Amino acid sequence: MGHKKKSGQEQRNLLNFDNKDHQRVMELESQLRHHNYLYYTLGTMEITDDEYDRLRDELEKLNPENDLLSQVGDRPRPEATKVQHKVEMLSLNKANTFEEVTKWTIGMDDFVVQPKLDGLAVSLYYEKGIYQYAATRGDGRVGEDITENVRYIQDIPAKLNFDATCHIRGEIFMRRSVFDEFAGEFSNPRNAAAGSVKQKDPRVTGERRLNFFAYAAVMENNERERLELLLAEKVPGFGEIDNEYKKMEMVRLLGVEPAQIARSGVEGLPELFEGWDRGRSGEVDFDIDGVVIKVNDLSLQEKMGSTHHHPRWAIAWKFSAQQARTTIKNIRWQVSRTGNLTPVADLETVNLAGANITHSTLHNADEIVRLGVNVGDTVLIERRGDVIPKVIRVLEKGPNDGPVDIPEKCPRCQSGVVKENVFLRCKNQNCSRRLLKKLIHFADVVDLETVGPSLIEKLYDKGILTTPADFFRLSEEDLLPFDKMGEVLASKIVRHIGEKKQITLAKFLTALGITHLGEVMAAAISERLGNLEAIRDANIEDLVSIDGVGEKIAVAVNLELNEKWPVIEDLRSGGVDIEETEPVGPENGVNNVQEKPLAGKSFCITGSLSKPRKYFEDLIRGAGGTIKNISKSVDYLLAGEKGGSKLDKARDWDVAIIDEGELVEMMKAVRN
Ligand code: IVH
């Protein structure tokens, strides 16, 4: 890259700024330097990513050639050993809307799309297939030497499957699940990955269980041609490496996992973007902040070339900001149905990606200590998908210096709280708040949509609702005294509840709110045992023999169902009809199961399929199969488009991966 540094003054002379711009550029430079230093060197931050991007964008508009723009990145620490990149590691141009993307795509219609991984960019160098060294991206020209640390990252092989000489580039990251296991040690997965790689003792890097996905391979042209011949010998029909997709396929064959990749025309881009955006609040087990769209044809890539800052053949389409800054007005402790005391921060209302946010969870007492947060602090909050936003870090301390008061008593029933792991718990089964939450849970599970949480709370406070059976005893007279309640609405509510007396066994069992028992396991137990009496009388051994049911759940069901029996009788005498099912299982229904095409086979589902997931679950269950979470013992992973971490795990564990077509074939094959 022949980009020669010019001093700020020279640049200004060249561009002949008017004075106001000049002033602003200087301000922006100084602010960006300050934030770069905080972020990259000290690992802290005073502003949101969005605010940072705005400063950068403004500078880019006023002074596109400004050195600072090409410098952003992780400036190597003074004490680190430095490595000069043979081929510069560029940045990416970014777009925030599909409109901006289409401006860039003009005249082209063959792209690949990968997630934009939010980790630490690195370059690995292999010579004749043997790992030589690794460096962080740094400022793009010079990075830090991390050769030894990288040896401890399992995804990065010491030897490739072929004797290739190339730079493999990609992102080192920490999976969210791993980050969670290190509860509280790091502020976010990206910092965790960066900090872990830059350890003096590389064994510490190993303990952090980092991962790596590749997104680029840089090699000389004759090397590419040599590899084509080599690969063609081993993989018949592999052919020329003339597009990006093929190149990533090559990386995979070399033995390094590339970031998931999809080919797409312009029209398909929004769907891929949205799929990944949805994925980050669910299946995807690593942080991403957008997608990267690349021109597929390598010769076109070459023709388009690069600026000093980014390749012209790629663009990052960023997800909308899910972070905002706000202040904490109050911290209160919420009591859940199971007795957990969760700290909640009431916030100065702030808009986050179109929604008004008024409060945020602080998870638990340890998290408050880790964040060092208190009332009056200005904080950075973040929201993923639909979940409640969380406080990421303190941006500015407020007037309250000391620690937050951790309650010793339940704020609702005043009984003493017990600390269990990181949670504070109210152990009083009759805590008024817990009883209320149980009623809300019951109504939610059995679909009593007309009585929402706030109405339930009012009825509970008046003593009209004290046990689930009371829902079915509600009369219009009970409801009429409440605000905004007319006769029409009151009679509608009563009628609606009356229509909900038929409840499936699985729903009913879930609605009871037995500790640890969620919908999926309740369904598994119901399916196997068929009726409430059988479940009540089952011993722990019977229960744990059901797929997925662990000891904790078994003990809770065994104990609590007996305790709740009076509640159940009460509901039944009030006309609730719990639907029984035909029990299936080893003793009761062996034949019944065995005849079915998927009998004895377990399935996990991932990715987006042509129909709702529920459809496939029902299909599989109906054919005698079971649905499980991903584990080594699962027989098949049914994978749609963009399967996330489950797909990775299935590959790791050699679980058979099938698509919809294969599932249908399986169902036919056995039947014939
Ligand atoms: S391609 C020549 N693909 O984003 C540029 N980059 O903001 C090649 N990044 O420096 C980059 N995921 O560290 C590419 N799937 C992906 C990526 C990705 C994350 C990072 C990369 C780059 C930065 C630019």
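Quick one: is residue 280 touching a Phe, Trp or Tyr at 6+ places or on another chain (Cβ under 8 Å), on the phi < 0 side of the Ramachandran plot, at pLDDT below 95 and crowded, with 18+ Cβ neighbours inside 10 Å? Yes; evaluated as a whole, the condition is true for this residue.
Scanning the stretch 167-188 for residues that are surrounded by fewer than 23 Cβ atoms within 10 Å (Cβ to Cβ) and of a type outside the set (Asp, Glu) gives 167, 169, 175, 176, 177, 178, 182, 183, 184, 186, 187, 188. Filtering the stretch 379-403 to residues that are crowded, with 16+ Cβ neighbours inside 10 Å and in contact with a strand residue (DSSP E or B) (Cβ under 6 Å, 6 or more places away or on another chain) leaves 379, 380, 381, 382, 383, 389, 390, 391, 392, 393, 394, 395. The set of residues in the stretch 309-362 that are among the basic types (Lys, Arg) and under 27 Å from residue 442 (Cα atoms) comprises 332, 337. If the condition is being in contact with a strand residue (DSSP E or B) (Cβ under 9 Å, 6 or more places away or on another chain) and of a type outside the set (Val, Ile, Thr), then the stretch 462-505 contributes 501, 502, 505.
So, residue 305, is that one on the phi > 0 side of the Ramachandran plot and within 16 Å of the ligand (Cβ to nearest atom) or not? So residue 305 fits the description; yes. Once the stretch 210-249 is narrowed to residues that are within 16 Å of the ligand (Cβ to nearest atom) and aliphatic (A, V, I, L, M), the residue that is surrounded by the fewest Cβ atoms within 10 Å (Cβ to Cβ) is 218. Which residues, counting only those in the stretch 283-301, are away from the ligand (no atom under 11 Å from the Cβ) and modelled with pLDDT of 95 or more? Passing the criteria: 295, 296, 297, 298, 299, 300.
Working carefully through the options 324, 316, 345, find the one that is within 24 Å of the chain's Cα centre (by Cα), hydrophobic (A, V, I, L, M, F, W, C) and within 16 Å of the ligand (Cβ to nearest atom). So that I can check it myself, show each step before the final result.
Numbers: 324 fails: within 16 Å of the ligand (Cβ to nearest atom); 345 fails: within 16 Å of the ligand (Cβ to nearest atom).
Of the residues listed, the single one that is within 24 Å of the chain's Cα centre (by Cα), hydrophobic (A, V, I, L, M, F, W, C) and within 16 Å of the ligand (Cβ to nearest atom) is 316.
For residue 175, state whether it is within 14 Å of the ligand (Cβ to nearest atom), among the basic types (Lys, Arg) and in contact (Cβ under 8 Å) with a residue 40 or more places away in the chain. Against the criterion (within 14 Å of the ligand (Cβ to nearest atom), among the basic types (Lys, Arg) and in contact (Cβ under 8 Å) with a residue 40 or more places away in the chain), residue 175 does not qualify. The residue list 436, 489, 459 contains one member that is part of a helix (DSSP H, G or I) and in contact with a Phe, Trp or Tyr (Cβ under 6 Å, 6 or more places away or on another chain), which is 436.
Applying a threshold of 7 Å to beta carbon distances and a minimum spacing of six or more residues, or different chains, the list of pairs starting in the stretch 540-562 at a residue that is at negative phi and ending at one that is of a type in the set (S, T, N, Q) and in a helix (DSSP H, G or I) reads 540/558; 543/558.
Within the set 138, 119, the sole residue that is within 11 Å of the ligand (Cβ to nearest atom), of a type outside the set (D, E, K, R) and over 30 Å from residue 264 (Cα atoms) turns out to be 138. Restricted to the stretch 82-116, and to residues there that are touching a helix residue (DSSP H, G or I) at 6+ places or on another chain (Cβ under 9 Å) and away from the ligand (no atom under 14 Å from the Cβ), the residue that is farthest from residue 173 (Cα to Cα) is 108. Considering 510, 467, 515, the condition of being under 18 Å from residue 581 (Cβ atoms), among the polar types (S, T, N, Q) and in contact with an Asp or Glu (Cβ under 7 Å, 6 or more places away or on another chain) is satisfied by 510 alone. For residue 94, the criteria (1) surrounded by 13 or more Cβ atoms within 10 Å (Cβ to Cβ); (2) modelled with pLDDT under 85 hold in every case but one, which is (2).
Cβ separations smaller than 7 Å between residues 6+ apart or across chains give no pair from the stretch 269-294 residues that are without any contact (Cβ under 8 Å) to a residue 24 or more places away in the chain and more than 17 Å from residue 610 (Cβ to Cβ) to residues that are within 15 Å of the ligand (Cβ to nearest atom) and part of a strand (DSSP E or B). Figure legend. Inter-residue proximity from the stretch 214-238: first residues free of Cβ contacts under 8 Å to residues at least 60 places away in the same chain, second residues loosely packed, with under 13 Cβ neighbours inside 10 Å, beta-carbon distance below 6 Å, spacing 6+ or different chains. Indicated pairs: 228/240. The number of residues in the stretch 195-219 that are closer than 24 Å to residue 112 by Cβ and touching a Lys or Arg at 6+ places or on another chain (Cβ under 9 Å) comes to 6. Among the residues of the stretch 88-140, just one is under 18 Å from residue 244 (Cβ atoms) and free of Cβ contacts under 8 Å to residues at least 12 places away in the same chain, namely 107.
The values are calculated or read from the model by the stated rules, or taken from the named source; none is laboratory data. Owing to the predicted nature of the structure, the values given are computational and were not obtained by experimental measurement. In this analysis, Cβ positions are derived from the backbone assuming ideal geometry, glycine residues included, and neighbour counts consider all displayed protein chains.
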